[in-house]
Amino acid sequence: MTWRQILLLSCLSAVVLLTVLREGTGASVGTRQAAGEEPQAVENRQKLRADELRREYFEEQRNEFENFVEEQNDEQEERNREAVEQWRQWHYDGLYPSYLYNRHHI
């Protein structure tokens, strides 16, 4: 009968020991996962920051180009206006409005 008690006691202690080991392994895996998530979170923040900087850079480049195009268009309009004004002065015949713009068609 003593050997049965020893066998039962050893089986119970083995079950308890296995349960504790499983819980301990799960806890250590949980901490490993949390520790593994931290570098991932840092990497994600770095990627988001890089994306934001890239977006700001391209937005600034686009704004500069739009300003450049607007200046070019303004200069072209000014040159056209000056050319038209010079043409009108050259062809002005002393009448107001100019004869070319005030023709009476019969």
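The values are calculated or read from the model by the stated rules, or taken from the named source; none is laboratory data. Here the structure is a predicted model, which means the values were calculated and not measured. All accessible areas refer to the heavy atoms of the entire protein, side chains included, with ligands and DNA or RNA removed. Shrake-Rupley method; radii C 1.70, N 1.55, O 1.52, S 1.80 Å.
Taking (1) modelled with pLDDT of 85 or more; (2) outside any helix (DSSP H, G or I) in turn, residue 93 satisfies each apart from (1).
Of the residues in region 23-52, how many are among the aliphatic types (A, V, I, L, M), at pLDDT 95 or above and open to solvent by less than 80 Å² (accessible area, probe 1.4 Å)?
Pass one, region 23-52, residues among the aliphatic types (A, V, I, L, M): 27, 29, 34-35, 41-42, 48, 50.
Cutting the leftovers down to at pLDDT 95 or above gives us 48, 50.
When the remaining residues are screened for being open to solvent by less than 80 Å² (accessible area, probe 1.4 Å), the result is 50.
Summing the residues that are among the aliphatic types (A, V, I, L, M), at pLDDT 95 or above and open to solvent by less than 80 Å² (accessible area, probe 1.4 Å) in region 23-52 gives 1.
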